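One structure is given here, and the rest of the page talks about it.
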Amino acid sequence: MKLILCTILFIGTAVVASVVPRIVGGKPATPHEFPYMVSLQWVEPHHTHFCGGALLNKRWVLTAGHCVNALTGNDDIVAGAHSLENPDKYEQRRKALRTFVHKDYSGGVAPHDIGLIYVSEPFKFNAYVHHLHLPSKKMYK
């Protein structure tokens, strides 16, 4: 549960990134250092990043509930990207097929701000696109 909450907090920084040009104390990521991260992008007017997410497997993305609510229906879920300004050949783009938001989420950045996106087709895993490694039951025995 703590890992999921940490992931959501990490994803939530994407919202701040649109207001603040840089995370305080942050540093640029090495290209493709985080292959499980995805960029949620509004297609219009020009592929604008609005939230982040994490690949749970080839079809499911974990993100914040407010990010799911910001989807317009013509958005791209982009895996394998490193630079928003300079797309590269490793990017894979998908559409949201189904979305889910926690039943107790009431809006804004608040308790239960968690959501899932089921993408239109599976992402192809490789060195640049891969799922988040979640802890197994064995780790807690």
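The values are calculated or read from the model by the stated rules, or taken from the named source; none is laboratory data. All values reported here derive from a predicted model rather than from experimental measurement. Cβ sites come from the backbone with ideal geometry, for glycine too, and all protein chains shown count toward neighbours.
Numerical summary
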| item | result |
| --- | --- |
| Restricting segment 35-50 to residues that are at pLDDT 95 or above and of a type in the set (A, V, I, L, M, F, W, C), the residue that is surrounded by the most Cβ atoms within 10 Å (Cβ to Cβ) | VAL38 |
| Members of segment 102-121 found to be more than 19 Å from GLN41 (Cβ to Cβ) and either modelled with pLDDT of 90 or more or over 16 Å from the mean Cα position of the chain (by Cα) (or both), listed by number | HIS102, LYS103, ASP104, TYR105, SER106, GLY107, GLY108, ALA110, PRO111, HIS112, ASP113, ILE114 |
| Breaking point among (1) of a type in the set (A, V, I, L, M, F, W, C); (2) at pLDDT 95 or above; (3) surrounded by 16 or more Cβ atoms within 10 Å (Cβ to Cβ); (4) in contact with a Gly (Cβ under 9 Å, 6 or more places away or on another chain), for ALA14 | (2) |
